[in-house]
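Just below is one structure, and these are the notes that go with it.
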Amino acid sequence: MPEQDFNLIFSNKLRYFLEMCDMTQAELAKRLGVGNATVSDWVNARKSPRMSKVDAMCEIFHCRRSDFMNDEPKDTEETYYINEETARVAQELFENKNLRMLFDAAKDSKPQDLQMAAEMLRRFKETNPDG
């Protein structure tokens, strides 16, 4: 693949991850220990980073190298959530109508009410370990 094509693909993916993580170019530059102009060059497809910086970005964005280098769209299941724990919890809520009901009820609750409900559930589980 020509370098310019790679730079363009990488640039699009980097912009996507920055947006998904609500991170600025300056924040990424600081976390990577590079200058703002360097990240700007990557975002604008003028240059590509070294693999050590790609690996560091993978750590920051919780993704794989191939996520930056593959021009093909990923499965929606794989890309909807960047964070694996969030994806797991969302899937549990989707599959379990009782958890969804609790989640919906909790959305408009006060923090102290949520704490009281959580304590009640914890006590219930302690007294009824099977149910």
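Would you pick out the residues in region 13-22 that are of a type outside the set (Lys, Arg) and in contact (Cβ under 8 Å) with a residue 12 or more places away in the chain?
Result: Leu14, Phe17, Leu18, Met20, Cys21.
Among the candidates Glu59, Glu119, which residue alone is at pLDDT 90 or above, of a type outside the set (Lys, Arg), open to solvent by 100 Å² or more (accessible area, probe 1.4 Å) and in a helix (DSSP H, G or I)?
Checking each option against the conditions leaves just Glu59.
So, in region 3-30, exactly how many residues are over 17 Å from Met51 (Cβ atoms) and either among the hydroxyl-bearing types (Ser, Thr, Tyr) or open to solvent by 80 Å² or more (accessible area, probe 1.4 Å) (or both)?
First, the residues of region 3-30 that are over 17 Å from Met51 (Cβ atoms): 4-5, 8, 12, 15-16, 18-27, 29-30.
Okay, now just the ones that are also either among the hydroxyl-bearing types (Ser, Thr, Tyr) or open to solvent by 80 Å² or more (accessible area, probe 1.4 Å) (or both), so 4, 8, 15-16, 19-20, 22, 24, 27, 30.
Here the count works out to 10.
Just need a number here: residues in region 20-34 that are more than 11 Å from Phe61 (Cβ to Cβ) and either assigned to a helix (DSSP H, G or I) or touching a helix residue (DSSP H, G or I) at 6+ places or on another chain (Cβ under 6 Å) (or both).
Result for region 20-34: 6.
Every residue in region 33-56 that is open to solvent by 30 Å² or more (accessible area, probe 1.4 Å) and either within 19 Å of the chain's Cα centre (by Cα) or of a type in the set (Val, Ile, Thr) (or both), please.
Selection gives Val34, Thr38, Lys53, Asp55, Ala56.
Got a number for residues in region 62-100 being at pLDDT 80 or above, open to solvent by less than 90 Å² (accessible area, probe 1.4 Å) and not in a helix (DSSP H, G or I)?
2
Kindly provide the set of residues from region 101-116 that are out of contact with any helix residue (DSSP H, G or I) (no Cβ under 7 Å at 6 or more places or on another chain) and open to solvent by less than 100 Å² (accessible area, probe 1.4 Å), ordered by number.
Residues satisfying the conditions are Leu102, Asp104, Ala105, Ser109, Pro111, Asp113.
The values are calculated or read from the model by the stated rules, or taken from the named source; none is laboratory data. Here the structure is a predicted model, which means the values were calculated and not measured. Positions of Cβ are generated from backbone atoms using ideal geometry, with glycine treated the same way; all protein chains shown enter the neighbour counts. Note: accessible area is taken over every heavy atom of the protein model, side chains too, but ligands, DNA and RNA are not part of it. Shrake-Rupley method; radii C 1.70, N 1.55, O 1.52, S 1.80 Å.
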